[in-house]
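What follows is a short report on a single structure.
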Amino acid sequence: MKKIFLPLLALAFAASCSNPALTVTATNSLAFDRNNETVEIDWITVQGKLGNVPPDNVCVTDAQGNTLLSQVVYEGMEDPQKFIFQANVAQRGKSVYTIKKGKPLIQPSKAYGRLVPERKDDYAWENNRVAFRMYGPALEATGEISNGIDLWAKRTEDLVVDKWYKDDLGGVRPYHEDHGEGLDFYKVGRTLGAGAMAPYVNNKLVLGNNFVLAQTLDNGPIRTTFELKYAPFKVENQVVLEVRRISLDAYAHLNKVREVYVGVGAQMTVAAGIVIRNDKDGYESDAANGWVAYSDTPDEKSGRLYVATIIPNQPTQIKVAESHLLSIAAYKGVEPLTYYCGGGWSKGGFPTENDWYKYVAVESEKLHNPLEIFFR
């Protein structure tokens with residue numbers, strides 16, 4: 001027995017050493033289930049367990065052994081920065097995942113964005129739930145100036161940005177009409193649109209112009225990230241340069257936005273704004289937790305659009321001014337400000353305004369109580 005047992009033990013030990021794995025436990029402290037929530041692991045942590053593994057040879061499995069969709073995130077850098085996947089964790093529960101060497105799951109991307117030079121330098125991005133765009137230099141050259149966020153309503157899991165632009169520009173069908181997948185019926189104009197941010201000085205918004213440079217940093221299958229740079233503009237006596245970094249993950253209706261204002265002194269007041277088009281539009285807010293959820297007056301044919309902003313982890317003042325629903329906060333000149341904005345549609349998952357308000361309140365609670373992640 002001893003002659004058989006010891007070699008088998010040695011073989012088992014050798015096998016465990018040759019197949020290292022990083023065990024990830026995600027714990028949910030809240031009283032509701034959290035589904036399709038992105039988990040981020042620093043790439044250096046993955047390498048610390050798996051060794052100098054190539055980015056295309058890392059996968060993640062759940063407790064049942066199913067391989068899940070994952071993504072190596074570069075954030076515009078030459079080397080990997082993070083490894084991400086999406087977890088499902090029951091209320092007051094935990095879920096266990098294993099990151100190991102192996103071929104990742106290949107599926108159609110759920111998040112995508114690109115510069116659209118054929119449509120006057122739009123930058124458009126989307127996931128499997130919602131789509132957005134912002135306006136570039138070629139459009140500004142025509143006299144159409146806006147640094148607000150446009151919202152496209154979707155009711156399909158498919159990615160539609162390329163298709164809608166191709167069909168619209170080719171005269172096949174306009175994206176301002178719903179042909180079963182959704183449409184663009186949001187009006188931005190010279191406003192902040194669906195939650196963009198601007199300096200707010202002496203109770204007045206200081207709006208910049210269209211972006212001048214765009215760079216895609218990551219592009220699916222779970223997360224798309226890009227960065228926009230704006231020409232310098234004056235804020236009181238300071239010349240300010242704005243840089244926006246925006247990420248959108250699969251299944252989310254809210255973008256993560258990292259705002260940087262170069263040239264600011266110690267502090268500047270800023271506001272994330274949602275344009276108000278009708279006095280009958282409704283909203284709910286929670287200034288203590290930094291969120292506001294807006295519901296526009298429904299269009300008889302197209303339905304009702306919803307918008308929201310969340311500025312977590314700092315005091316926020318909510319008020320209506322300059323035809324906007326504003327979330328006012330402090331920008332400290334030495335560090336970026338991260339907040340969240342986005343939208344939904346009555347025909348795309350939120351039948352009533354109360355459904356939207358509840359969604360935003362829950363998302364805020366998640367941001368203030370992130371999943372606890374443990375490694376082994």
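None of the figures in this text is laboratory data; all of them are computed from the coordinates on show. Computed from a predicted structure; not experimentally measured. As a convention, Cβ positions derive from the backbone with ideal geometry for all residues, glycine included, and neighbour counts pool all protein chains shown.
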Completion exercise
Stretched fully, the stretch from residue 373 through residue 56 gains (0.36 nm per residue minus C-alpha distance, one decimal, in nm) 111.8 nm
Problem - Under 20 Å from the residue 79 label point (7 Å along Cα→beta-carbon), backbone N, the stretch 205-235 - result: 217-218
Practice task
Select from 308, 209, 364 the residue farthest towards the positive end of the dipole of the chain; place +1 on Cβ of Lys and Arg, -1 on Cβ of Asp and Glu, and compute about the Cα centre.
Solution key: 364
Handout entry: At R0 = 30 Å, FRET efficiency that the Cβ-Cβ distance of residue 118 and residue 203 yields, to 0.05
Key = 0.15
Practice task
Mind giving me the nanometre distance, one decimal, between the label points for residue 320 and residue 280, set 7 Å out from Cα along Cα→Cβ?
Solution key: 1.4 nm
Problem - Cβ charges +1 (Lys, Arg) and -1 (Asp, Glu), total dipole of the chain, debye - result: 1200 debye
Exercise for the section: Go through 319/347; 166/347; 154/187; 229/256; 301/358 and tell me which ones have a Cα-Cα distance over 18 Å in this structure. Expected result: 319/347; 166/347; 301/358
Problem - Spin-label model distance (nm) - residue 231 vs residue 27, 7 Å beyond Cα toward Cβ - result: 5.3 nm
